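A.B. asks: Handing you this structure, nothing more for now.
Read-outs throughout are calculated quantities, based only on the coordinates presented, and are distinct from any laboratory measurement. Every value quoted in this text rests on a predicted model; they were computed, and no experiment measured them. Heads up, the Cβs are rebuilt from the backbone with ideal geometry, glycines too, and the neighbour counts pull from every protein chain shown.
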Amino acid sequence: MEKVIIVRYCEIHLKGNNRGYFEKVFQENLERALRGIRHEIRRPSGRYIVENFDESRADEIVARLSKVFGTHTLSVAYKVSADMDSIWSAVLTVAPQDGTFKVQTNRADKKFPLDSMQMNAEIGGRLLSANPRLKVDVHDPQHVVYIDIRENGTALVFGAYVKGAGGMPVGTAGRGMLLLSGGIDSPVAGYMIAKRGMQLEAIHFHSYPYTNLQAREKVEELARILSEYTCGLTLHVVSVTHIQEEIHRLCPAEMMITLLRRFMMRIAERIGKKTGAQCIVTGESLGQVASQTIEGITSSESVLERFPVLRPLIGFDKTEIIEISRRIGTYETSILPYEDCCTVFLPKHPLIRPDLAEVERAENKLDIEKLVGAALDSAETLRLS
Ligand code: ATP
Ligand code: MG
């Protein structure tokens, strides 16, 4: 009796002619998630079967694969030959110890002597005689014993479906440059857009020595957590210290964040275009803070040319964002209390509705090209996986 893992995928089913492509990328991502664990992945029709692994690592494999976008559900199953005795011994292994249950058989191999209804009745009856603490409930059972009789003379027997991450395989929907702060929102934004299949790189801006090294380690940890969903992640770390000092020296205090945002966009676009990204992704949510008004968004976006900004959280409430960040495991790190570059030189009254003409006038005092160039020179690149 061999333990295997069944991986079922989501929307890929909807893809017509492209389906082969989506399946190929999905399988590569599954393989990638299992790096360092001996295994084989087979693809019989419509799903994937992971086999030939060390059975003590089954839970770890499920945990890793459940984070691969495109995964709908998974099951740890026993693969046996499709005869009554072998199926029965697998059923005994997965069957519940008490409570209500039903048996659900799927018979792909029509040559199997019992049809699915007969099989349900036969196995259900045997379980009832074997264990008096069990009761049948076909409508709302606490447990289900699944038997899948395949055409190749094998059967898969399992007792549960584990929910996967859903979405589309990373790598099937272009590339984006994620602006990753140390906050709650941007890691969630990265998660949401990667879930739709976008491959990400991340960029983080710091103001060392005004911000400390712990703030930076925090972002590296967020990127690492995110990398489990994004099939690895390259993190660019860029200093905006000098830019902030120059804004502070030459421009109105209330424009600090407005102007800094424009520099972030420019720098992200430059690095993104070099690394093949097609857009910027941020964790902004409309109206959440002073800089996230439509005027603020217009101001920061207007420095970009043919480089769209995607904001997957634009319509989310903070409580909804927090809920996702807890679920994906970034929340505890995000709330560590280290300063972000946006809190350095923070004006008492940041501009809420910046006027683009005024912003551009203030910015004329700065040597934009030189500042951007120096920031790019400061960029460090880390690969997290
Ligand atoms: P977050 O929780 O993601 O920090 P926030 O609610 O604090 O978001 P802002 O500080 O206004 O909002 O930032 C808006 C977005 O700008 C962030 O979601 C992120 O995408 C980007 N951003 C802000 N600060 C940085 C930074 N230091 N480095 C990279 N991106 C940043
Ligand atoms: Mg923030």
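A.B. asks: Taking 7 Å along the Cα-to-C-beta vector as the label spot, tell me the Ser385-Ala253 distance in nanometres, rounded to one decimal.
C.D. replies: 4.9 nm
A.B. asks: In nm, to one decimal, how far is the Asn212 label point from the Arg8 one, both placed 7 Å along Cα→Cβ?
C.D. replies: Placing both labels 7 Å beyond Cα along the Cβ direction yields 5.0 nm.
A.B. asks: Run lengths n ≥ 4 of DSSP H only: what is the helix-derived mean residue ellipticity at 222 nm for the chain, with -39500 (n - 2.57) per run over all residues, to the nearest 500?
C.D. replies: -11500 deg cm²/dmol
A.B. asks: Just subtract the alpha-carbon distance of Glu358 and Arg32 from 0.36 nm times their residue separation and send over the number in nm, one decimal.
C.D. replies: Taking Glu358 through Arg32 to full extension adds about 112.4 nm, to one decimal.
A.B. asks: As a quick test, which of the pairs Lys3/Lys195; Lys79/Lys195; Lys318/Lys370; Lys274/Lys370 have an alpha carbon distance above 26 angstrom in this structure?
C.D. replies: Lys3/Lys195; Lys79/Lys195; Lys318/Lys370
A.B. asks: Determine ³J(HN,Hα), in whole Hz, for all residues of segment 376-385 in sequence, where each value follows from phi through the Karplus function 6.51 cos²θ - 1.76 cosθ + 1.60 and θ = phi - 60°; x replaces Gly and Pro.
C.D. replies: So the Karplus estimates, Gly and Pro as x, are 4, 5, 7, 5, 10, 10, 10, 10, 10, 8 Hz.
A.B. asks: Shifting gears a bit: Any chance you could run the full-extension gain for Leu376 through Gln118? It's 0.36 nm times the residue separation minus the Cα-Cα distance, nm to one decimal.
C.D. replies: Result for the pair: 86.0 nm of gain on full extension.
A.B. asks: Can I ask one more? If you build a Gaussian network model of the chain, linking Cα atoms that sit under 10 Å apart, which residue out of Thr330, Thr258, Thr154 swings the most?
C.D. replies: Thr154
A.B. asks: Any idea how far the Cα center of segment 304-341 sits from the one of segment 21-85, in Å?
C.D. replies: Rounded to whole Å, the Cα centres lie 31 Å apart.
A.B. asks: Taking 0.36 nm per residue of separation and subtracting the Cα-Cα distance, what length does fully extending Glu339 through Arg19 add?
C.D. replies: So the extension gain works out to 110.7 nm.
A.B. asks: What's the magnitude of the charge dipole for the chain around its Cα centre, counting Lys and Arg as +1 and Asp and Glu as -1 at the beta-carbon? Answer in Debye, nearest 20.
C.D. replies: It comes to approximately 820 debye.
A.B. asks: Under a 5 Å amide H to amide H cut-off, with H placed in plane at 1.01 Å, what residues pair with His206 once short-range neighbours are removed?
C.D. replies: Val238, Ser239, Val240
A.B. asks: If you don't mind, another one. Taking every DSSP beta bridge that has both residues in the chain, what percent is antiparallel when rounded to the nearest 5?
C.D. replies: 55 percent
A.B. asks: What distance in nm lies between label points placed 7 Å from Cα along the C-beta direction at Met84 and Asp98?
C.D. replies: 3.1 nm
A.B. asks: Would you grab the residues whose amide H sits under 5 Å from the one on Phe101? Only those 5+ places off in sequence or on another chain, please, with H modelled 1.01 Å from N.
C.D. replies: Answer set, sorted by chain and number: Lys135, Val136, Asp137, Gln142, His143.
A.B. asks: Note down the Stokes-Einstein diffusion coefficient of segment 236-385 in µm²/s, whole number, using a Kirkwood radius over alpha carbon pairs, 10 °C, and 1.306 mPa s.
C.D. replies: The Stokes-Einstein estimate is 96 µm²/s.
A.B. asks: Between Asp137 and Glu55, how high is the FRET efficiency from 1/(1 + (r/R0)^6) when r is the Cβ-Cβ distance and R₀ = 22 Å? Nearest 0.05.
C.D. replies: Using R0 = 22 Å, I get an efficiency of 0.10.
A.B. asks: Could I ask something else about it? Please identify every one of the trypsin sites (Lys or Arg not before Pro) in segment 256-334 that sits in a loop by DSSP and has no more than 12 other beta carbons within 10 Å of its own beta carbon.
C.D. replies: When the trypsin sites (Lys or Arg not before Pro) of segment 256-334 are filtered for loop state and at most 12 Cβ neighbours within 10 Å, Arg306 remain.
A.B. asks: Given Val289, Tyr229, Ala189, which one lies farthest toward the positive end of the charge dipole of the chain, if we put +1 on the Cβ of every Lys and Arg and -1 on the Cβ of every Asp and Glu?
C.D. replies: Highest projection toward the positive end goes to Tyr229.
A.B. asks: Shifting gears a bit: Which longest run of the chain has no exposed loop site in it, a site being GluC sites (Glu not before Pro) in a DSSP loop with at most 14 other beta carbons within 10 Å, and the site itself not part of the run?
C.D. replies: Free of exposed loop sites, the longest segment is 152-304.
A.B. asks: Sticking with this structure for a sec: Under unit Cβ charges (Lys, Arg +1; Asp, Glu -1), what dipole magnitude, rounded to 20 debye, does segment 89-207 have relative to its Cα centre?
C.D. replies: 120 debye
A.B. asks: With θ taken as phi - 60° and the coefficients 6.51, -1.76 and 1.60, list the Karplus ³J(HN,Hα) couplings across segment 227-243 in order, rounded to whole Hz; mark glycine and proline as x.
C.D. replies: 5, 5, 9, 9, 6, x, 8, 8, 10, 9, 10, 10, 8, 10, 3, 5, 4
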